[in-house]
Amino acid sequence: MEYFRLILLSSLDDFRRNKLRTFLTSLGIMIGVSSVILLIALGLGLKKYIKLQFEGLGVNIAIVMPGNIFNNGNIQPGRNVGGIKFDQKDVQSIKTVAGIKNLAPTYIKTVAVKTGGNSQIGDLYATNEEIFPMRNLELAKGSYYSKSDVAKSSKKVVLGPKIAEKLFTDIDNAEGKSIKIENLNFKVVGVLKEKGGGGFGGPDFDSFIYVPYKAVLSLNPDKKFSVINFQVTEESEMDKIKKAVEEKLLRRYEKDDFSIVEQEEIQNTVTMIFSVLNSVLIAIGGISLIVGGIGIMNIMYVSIIERYQEIGIRRALGATKNNILLLFLSEAVLLSLTGGVLGLLLSYLTVLIIRIYFPAYLDVIAVLVALTTSSLIGIIFGVLPAKNAASLSPVEAIRYE
Amino acid sequence: MSFLLKMPLHYHRLKLFVMSELTEFKYLIGFAVKDLIKNKTRTFLTSLGILIGISSVVILNSLGLGLKKYIEIQFKSLGSNLVIVMPGKAFSGGNFRPTSMYQMNPVFDEKDIRNIEKNSLTQVVAPAFVKFLEFKGDLSTRTYETVISTENIFTVLNSELDQGLLFNRKDIDKRTKIAVLGSSPAQKLFGSPANSIGKTVKINNQSYKVIGVLKSKGGAGSGIESIDDHVYLPYKGASSFNPDKKFLAIYAKTSNQDNLDKYKDVISNILSKRYAEDDFSVLTQQEILTTFTSIFNIINIVLVAIAAISLIVGGVGIMNIMFVSVVQRIKEIGIRRAYGARERDILLLFLSQTIILSLIGGILGLLLSYLVVLIIQNYFPVYIDLQTVILALSISSAIGLIFGVLPALRAARLTPVEAIRKE
């Protein structure tokens, strides 16, 4: 214990003698560690953000889609093209499956929307009234369209807040106004509260234009649905119900023509893609740690040359080769660890700022990663110079000018 | 004081008389190089930092360039006089609209093809229905993107035959069950293109005879799906995979590429008689290409930016070593000043050394990345362009300049008397 205290004191002495050098050397490690840790924190935040996004969109939901886009955790966008479309008959047969709480067959289309002189491109989401409780879509203004509106094919529309803002600049202005979707006149009955998100693989429910699907049959002459959303009452029954739905559909379609994807699977796939991207970024960020390590090695060589005489005297007074090795190695580790701790502090401060905009955070693992990598860098890049110092012959070292 | 004899101190005396800028420059470089050689380990390690930084930036950049080129090869092989008709608006205006993917359903039929064919600007037109199907060959069972079309698809896509035959109008009308394979399925299912001809391939349990294999269009083996992965079936023979006889896309070629914009409008007009304006888009391959490359550009910029952090760390390393060097050469600085060197001369002396150090790292980094690129080129069309070389060299000089200024200033500002007395 006393021995380590002495080594520590000797290192600190040397640092005090060369303040600038110590600062710059650990600065390199600090930059490296903080860039790696920041990337980790952003990755963690992104994961959490995606999770919140998806959870906000309702739980225990599965989506019947054409083709096989989410195949074994891979997104294959090509695989929904040339697939099938679902019709009323499919909806009826899925309806007979027990345990389904909400069922929302949906026709999705990119459309032109107009109000007054303002014209926008929007995403039409033609479905029934069950989508609102299923997706936790709450109203900011007005009302939903009702079940009887769907049956009567009333020309009523509920707007997502983003598209409402684009069309009317303020969502307060939207209610009661009429808008033109392609060539059809609709009345705005409600505007939804903002959900946030979109753009992370999850559907952007804030931008959709919700209408009773029967009201837009002229835009959808085949009377077919792009997807069928359903929500089950009990999470534990999801697998059973998925199987039952699949069996119903297999009577009319082939296995590869459609897929039933749980919301959670989509979330996992999206999360996985971003995790891979994040790991690549962290690895590239880690290159700067190696460069920082080389900086340590360089400075340790310089420091050993300057301290030849000291090494010689220490050896003459009875220090073993191992003592010298340990002395310089611990100095290198200490340098690197200082950088690591400072880097951790810097990234913590940065995370605090980023937090205002994005839920980035640091966990214990990130802290451990920072501390162990910086110590490891010290050891790896300190070992060669330290060995070099230890192998000096005492006589030569003491004589060195 | 033995080092005094080795130093060409007459340089400063010479300067008092006449010395051309070029000679001065030569002297500066000479001193810097001499000092770098004296401290070999230090020089090596310092420039190693920059080397790693530059090569990671350059390699990532060349990967980005390669990816862009790969996509370009894929599209350019289709020819520049081609327009592609797709349902929905997924690619319009250079943006990708994910929700429009739900509109990617086959809507076009034989009537559309006939209408487009009738137009005088049309050279050749082919429809395409695309579906993923399972293929069972001699060696393996795999899923491939299958293009169900007419005999014109090969002309439209500039596909060349490697082995066997292409299917023709007669084959289509006779509803024969035949297939033309891309080079990759031929390899994977039957071992080689030559081996595939005449063989039977089971497609979702129906037997098809392989009559031809296409030439590779390049870029294969990169793991990204390419045109070489496709399989082509005649649309009448394969009608069981496409009972509606509707097509997902239409490829149409005009004879003169100068007319391309006009041709786009012509096709839009033909189709808008039967479909609403928003239900289809008419695109040139350049437009689709732009959408893809803009996405990859963003990812590439982020990667390069993160790699550039290591350059900053390398720069800090240079600064550190230069401060050490200033302290070690403090006596020399004093003597130089005493011999008539001005502050500016000392500044230039140290600054040029830093820049040389950093530039060496930059050049070695470029060489290293060139070697790495040569290896990667076996698998993927990466390359280094002139712009990257210039960028790498100017970045490394800039790093030398930026991180060298402080140590050089410190050296220049030493008072000669104090410096010379320093023990």
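The values are calculated or read from the model by the stated rules, or taken from the named source; none is laboratory data. What you are looking at is a predicted structure, and each value in this text was computed from that prediction instead of being measured. Methodologically, a virtual Cβ is constructed for each residue, glycine included, from the backbone with ideal geometry; neighbour enumeration extends over all protein chains shown.
For this structure, a couple of remarks:
- Flag for B:Ile375 being among the β-branched types (Val, Ile, Thr), in a loop (DSSP other than H, G, I, E, B) and either in the same structural domain as B:Pro416 (by TED's automatic domain parsing) or under 24 Å from B:Leu67 (Cα atoms) (or both): no
- Test: residue in segment B:169-176 that is over 35 Å from the mean Cα position of the chain (by Cα), within 30 Å of B:Ala276 (Cβ to Cβ), without any contact (Cβ under 8 Å) to a residue 24 or more places away in the chain and surrounded by fewer than 19 Cβ atoms within 10 Å (Cβ to Cβ): no
- Count of residues meeting criterion [within 14 Å of chain A (Cβ to nearest Cβ), of a type outside the set (Gly, Ala, Ser) and more than 35 Å from the chain's Cα centre (by Cα)] in segment B:234-292: 10
- Candidate set from segment A:89-108 (those that are within 14 Å of another protein chain (Cβ to nearest Cβ) and not aromatic (Phe, Trp, Tyr)); member that is farthest from A:Lys242 (Cα to Cα): A:Ile108
- Qualifying residue in segment A:264-278 (condition: within 32 Å of the chain's Cα centre (by Cα), closer than 30 Å to B:Leu311 by Cβ and free of Cβ contacts under 8 Å to residues at least 24 places away in the same chain): yes
- Taking segment B:119-148 as the range and being assigned to a strand (DSSP E or B), among the hydrophobic types (A, V, I, L, M, F, W, C) and either surrounded by fewer than 21 Cβ atoms within 10 Å (Cβ to Cβ) or within 11 Å of chain A (Cβ to nearest Cβ) (or both) as the test, the residues that pass are B:Val124, B:Ala128, B:Phe129, B:Val130, B:Phe132, B:Leu133, B:Val147, B:Ile148.
- Whichever residue in segment B:281-323 is among the hydroxyl-bearing types (Ser, Thr, Tyr) and part of a helix (DSSP H, G or I) and, among such residues, is modelled with the highest pLDDT: B:Ser310
- In segment B:181-231, the qualifying residues are those that are part of a loop (DSSP other than H, G, I, E, B) and basic (Lys, Arg), and the one that is modelled with the lowest pLDDT is B:Lys217.
- A:Leu20 vs. criteria part of a helix (DSSP H, G or I), within 13 Å of chain B (Cβ to nearest Cβ), among the aliphatic types (A, V, I, L, M) and without any contact (Cβ under 8 Å) to a residue 60 or more places away in the chain: yes
Each row is one residue, and each column tells you yes or no for (1) in the same structural domain as A:Phe186 (by TED's automatic domain parsing); (2) of a type in the set (Lys, Arg); (3) under 15 Å from A:Lys89 (Cβ atoms); (4) in contact (Cβ under 8 Å) with a residue 24 or more places away in the chain.
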| site | (1), (2), (3), (4) |
| --- | --- |
| A:Asn220 | yes, no, no, yes |
| A:Gln231 | yes, no, no, yes |
| A:Lys243 | yes, yes, no, no |
| A:Glu246 | yes, no, no, no |
| A:Glu262 | no, no, no, yes |
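- Of all residues in segment B:366-390, those that are among the aliphatic types (A, V, I, L, M) and either without any contact (Cβ under 8 Å) to a residue 60 or more places away in the chain or in contact with an Asp or Glu (Cβ under 9 Å, 6 or more places away or on another chain) (or both) total 7.
- The residue pairs whose first member lies in segment B:62-80 and is more than 21 Å from B:Ile384 (Cα to Cα), whose second member is in a helix (DSSP H, G or I) and of a type outside the set (Lys, Arg), and whose beta carbons are closer than 6 Å, counting only pairs six or more residues apart or on different chains, are B:Phe75/B:Gln285; B:Phe75/B:Leu289; B:Leu78/B:Gln285; B:Ser80/B:Gln257.
- Of all positions in segment A:148-156, none carries a residue that is outside any loop (DSSP other than H, G, I, E, B) and within 14 Å of chain B (Cβ to nearest Cβ).
- Single residue of segment A:25-51 satisfying the filter (more than 13 Å from chain B (Cβ to nearest Cβ) and not charged (D, E, K, R)) that is nearest to B:Ala308 (Cα to Cα): A:Ala41
- Residues satisfying the criterion are present in segment B:384-404 (criterion: outside any helix (DSSP H, G or I) and more than 14 Å from every other protein chain (Cβ to nearest Cβ)).
- When segment A:50-65 is limited to residues that are part of a helix (DSSP H, G or I) and crowded, with 18+ Cβ neighbours inside 10 Å, the one that is modelled with the highest pLDDT turns out to be A:Ile50.
- Whether a residue is in contact with a helix residue (DSSP H, G or I) (Cβ under 6 Å, 6 or more places away or on another chain) and buried (at least 16 other Cβ atoms within 10 Å of the Cβ) was assessed, and B:Leu303 passes this test.
- Flag if A:Thr338 is surrounded by 18 or more Cβ atoms within 10 Å (Cβ to Cβ) and either in contact with a strand residue (DSSP E or B) (Cβ under 6 Å, 6 or more places away or on another chain) or not assigned by TED's automatic domain parsing to the domain that holds A:Lys47 (or both): no
- Failed item in (1) surrounded by fewer than 21 Cβ atoms within 10 Å (Cβ to Cβ); (2) charged (D, E, K, R); (3) modelled with pLDDT of 90 or more, with A:Glu306 passing the rest: (3)
- The single condition from (1) at pLDDT below 90; (2) touching a Ser or Thr at 6+ places or on another chain (Cβ under 7 Å); (3) assigned to a loop (DSSP other than H, G, I, E, B); (4) surrounded by 21 or more Cβ atoms within 10 Å (Cβ to Cβ) that A:Tyr145 fails is (1).
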